[in-house]
Structure formats: C-alpha cells, structure tokens
Amino acid sequence: MSGLRSFVARRLLLGVAQTAAVVLLVFALTEALPGDAAVALAGDQPDPARIAVIRETLRLDRPAHERLADWVAGLAHGDFGTSLTSGRPVGGYLADGFGPTLLLAGLTLVLLVPLGFGLGVLAARHAGRPVDRLVSSVTLAVYAVPEFALGVLLVSVVSLRLGWLPPTAVGYGTDLLAHPAALVLPVLVLLSRPVCSLTRLVRAGMIDALAAPYAVHARRYGVSGARVRYAHALPNALAPAVQQLARTVDWLLCGVIVVEALFVIPGLGTVLLDAVAERDVPVVQGLAVVFGVLTVVLNLGADLIAHRVAPRAGVAA
C-alpha cells in the first residue's frame, strides 16, 4: 500500500509540474505568434495610428510579464479571460464547442475499445493463419492513410457519389445527436488510425503472454484455452494497451481539429481555427490550456491504471 501511495504521490507531483509547464509554454508560444488582434481588427489596410489605439484599448501594450501574471491569476479562479475580438468570455467559447467535440471523442472511444481489443485478441488466437494476416494487412493499410485524405475519400465516394450520408454537418447546429447520420463519417475518420494501432498492440501483447511459461503450464494442467486467454494472458497485455489508449485520447484532441474543419462541425477545433485566424490570443490560450491539461490528466490516469493492472510496469515507468 505504501508503494502505491508513493507512486501516486510522484505521479501527482509530476502532473502539477507538467500543468505549470503547459501554462507557461502556451503563453510563450502565443507571444511568439506574428501580429495580434489589433492588426486583425484594423482592417485590410491598417493605419499604424489606429493599430496603436486598438492595442492600447485592448491593453496589449502592457509588458508580457504583467499580462502573464494577470492571466495565471485568472486561471487560478477559473477565468480564462475575454475574447479580444468579441468581448465575450473565453469560457463561453469553451462551453459552446465542448459538446460536439466531447460527443465525437466519446463515440470514437466507445467503439475503439471493443473493436481494438476484439480484433487484437482475434488476430492473436489465429497467429500466423489467414485471419491474422487479414487483420494485420487491413490495419496496416488503413493506418497508412492520413485522416484528411481518408475523410476526403469518404466524402467523395459515400456522400457525393452514392448519396448515403451527408458530407458535412452544416445546418445541424450543435445538436448532432438529433442527426446521427452526420456523425458517421467523422467518427469513422477519427476511429481509423487508433483502432489499427490498438489492435496491433493488443495482438503483440497477447501473443507474448500466451507464449509465456505461466500460460504454457496452465494449458498443461488442463486449464481451458478461454480461461488462459482471458483470465491470464489478457490482463498481462492490458498495461501497454491502456497507455496506448491514453495516447489515443491525446491524438483525438488533435485529430478532432482536422475532422471538425473537414466536416464543418462547430466544436472546439473549429473555435480554435477561427481564433487563430482572428489573432484572438485569449481564446487560443484558453483552448491550448484545456487541451494541455486534459492530456496531462489522461496520461496520469493511464499511468495509475497501468500500475494497478501491472504494478511492475507502472513502477518502471
């Protein structure tokens, strides 16, 4: 128990340090962006005097360390700041875009876990045989296709040529559950690469576990094949798969930006792209911090679960 508490304490301290690093890095990177909201608001032919007035009005002329201190103080109280272009609280943007993004990521994960583990176990059970070769070949081929290219291909064939599904979510608003057909292609694109990597990882872990001495001895003593696979081999293949699942969620936070832009879904990815185009630094910073903190929390949770499933692997990590 003391070892578990020590492990949890170390991971929590590491998570706090990573979160602080994310906040500082986000501020530094947004400071390095060319131009600012004053330039964007000044129009196509900006007048330097007008830019200076706008910058002073928006308080962009203050030193960076003062703006950083105010921003961090606001974050500590749950205040992400105010949009420079609309005057709206950044939290409002987060609330509007969070629903569609969470829906896309949630549906992807709900389908990813049974598909990835199921296909991985299936391939491991038939290692070296036609089923294994088919699963391995298909997952490798699909993984090699970039998400954007796969999305364009699906829209061209399934939507435009066959007319089976809508090509975008335009006109559906944020209530995408009321229009499930608009979710099919985006979820397929988001699911394509993660399910391939998880399948191959589970397959490799299961093959190694089934060849381990404890599994061999269990079969010699008459333990059924299903019990060896699911009660003994599968738990030992879970630790790297759980960590891969956390990395997949990290990837979803980035992949959803591409998918939302491609299928015109009004989620956090679309909000981020619009904010970057308008040089709306507080919105960009708020979204970047949310994505970064989610990444830290998810990896922390994955480490704790992996330590619980396979303590030696967790300690080594």
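Every number here is computed from the coordinates shown, using simple stated rules; none is lab data. These numbers were taken from a predicted model, which means no experiment stands behind them. Please note: Cβ atoms are built from the backbone with ideal geometry, for glycine as well, and neighbour counts cover all protein chains shown.
Side notes on the structure shown:
- Backbone HN-Hα couplings from phi across the stretch 187-202 [Karplus 6.51/-1.76/1.60, Hz, Gly and Pro as x]: 5, 4, 5, 5, 7, 4, 6, x, 5, 5, 5, 5, 4, 5, 5, 5
- Annotation for D70 and R5: the two label points, set 7 Å from Cα along the Cα-Cβ direction, are 4.5 nm apart.
- In the stretch 139-218, chymotrypsin sites (Phe, Trp or Tyr not before Pro) in a DSSP loop with at most 14 other beta-carbon atoms within 10 Å: W164
- In order along the stretch 83-98, the phi-based Karplus estimate (6.51 cos²θ - 1.76 cosθ + 1.60, θ = phi - 60°) of 3J(HN,Hα) comes to 4, 6, 8, 10, x, 8, x, 4, x, x, 4, 4, 5, 5, x, 5 Hz; Gly and Pro are listed as x.
- The label-point distance for V293 and A21, in a model that sets each label 7 Å from Cα toward Cβ, rounds to 1.8 nm.
- Around G97: net Lys/Arg minus Asp/Glu count, Cβ-Cβ under 14 Å: -4
- An oblate overall shape is assigned to the stretch 255-298, the ratio a/c of its alpha-carbon gyration tensor axes (a ≥ b ≥ c) being 1.5 or greater and a/b not exceeding b/c.
- Rounded to the nearest Hz, the phi-derived 3J(HN,Hα) couplings of the stretch 113-120 under the Karplus curve 6.51 cos²θ - 1.76 cosθ + 1.60 (θ = phi - 60°) are 4, x, 5, x, 5, x, 5, x, where x marks glycine and proline.
- Distant-in-sequence amide H partners of T82 (H built 1.01 Å from N, under 5 Å): V90
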